[in-house]
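Peer 1: Quick one: the structure is below, questions incoming.
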């Protein structure tokens with residue numbers, strides 16, 4: 001599933017990162033993670049990014065023990081500078097969303113250092129799981 005705006009999927013330009021928010025079996029599930037406004041996360045992140053990067057919702061990214069999961073993929077320039085997709089788990093509060101948005105607006109992976117607190121959210125996933133997102 002991909003989030004759509006005005007009937008068209010948001011598309012990244014070469015200068016933009018791309019942000020993927022898992023909304024599969026566990027991410028976005030109030031029964032698994034109560035007290036989080038799951039429905040409002042994507043609109044709040046989109047507002048915080050203010051056009052700096054497209055956001056898409058994805059089916060299950062297969063790291064359910066880390067729900068809610070957000071993946072920040074580098075722009076072309078960020079990838080050329082050595083940036084790689086960064087997987088963040090347990091993104092369940094607005095402060096984390098704000099930190100992610102600030103980092104993406106500053107350039108994201110390869111171009112800007114993430115706020116130190118995002119180290120607490122970073123996770124390593126298997127190659128098989130990473131490759132699912134690249135499809």
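Peer 1: Can you name every residue in the stretch 108-127 that is without any contact (Cβ under 8 Å) to a residue 12 or more places away in the chain and over 18 Å from residue 67 (Cα atoms)?
Peer 2: The answer is 112, 113, 116, 127.
Peer 1: Please indicate, with yes or no, whether at least one residue in the stretch 24-33 is buried (at least 18 other Cβ atoms within 10 Å of the Cβ), in contact with a strand residue (DSSP E or B) (Cβ under 6 Å, 6 or more places away or on another chain) and modelled with pLDDT under 95.
Peer 2: no
Peer 1: Only one of (1) at pLDDT 95 or above; (2) touching a helix residue (DSSP H, G or I) at 6+ places or on another chain (Cβ under 9 Å); (3) closer than 18 Å to residue 124 by Cβ is not met by residue 102, so which one is it?
Peer 2: For residue 102, the exception is condition (3).
Peer 1: Go over the candidates 82, 110, 51 one by one and state the one that is over 11 Å from the mean Cα position of the chain (by Cα), surrounded by fewer than 18 Cβ atoms within 10 Å (Cβ to Cβ), in a loop (DSSP other than H, G, I, E, B) and at pLDDT 95 or above.
Peer 2: Residue meeting the stated conditions: 82.
Peer 1: In the stretch 95-107, what residues are closer than 15 Å to residue 45 by Cβ and either without any contact (Cβ under 8 Å) to a residue 24 or more places away in the chain or surrounded by 15 or more Cβ atoms within 10 Å (Cβ to Cβ) (or both)?
Peer 2: Within the stretch 95-107, 95, 96, 97, 99, 100, 101, 102, 103, 104, 105 meet the criteria.
Peer 1: Would you be able to tell me the number of residues in the stretch 116-135 that are touching a helix residue (DSSP H, G or I) at 6+ places or on another chain (Cβ under 9 Å) and buried (at least 16 other Cβ atoms within 10 Å of the Cβ)?
Peer 2: Within the stretch 116-135, residues that are touching a helix residue (DSSP H, G or I) at 6+ places or on another chain (Cβ under 9 Å) and buried (at least 16 other Cβ atoms within 10 Å of the Cβ) number 3.
Peer 1: Residue 90: out of contact with any strand residue (DSSP E or B) (no Cβ under 7 Å at 6 or more places or on another chain), closer than 23 Å to residue 35 by Cβ and assigned to a loop (DSSP other than H, G, I, E, B), yes or no?
Peer 2: yes
The values are calculated or read from the model by the stated rules, or taken from the named source; none is laboratory data. The structure presented is a predicted model; accordingly, all values stated were derived computationally and were not measured. FYI the Cβ positions are ideal-geometry reconstructions off the backbone, even for glycines, and counts take in every protein chain you see.
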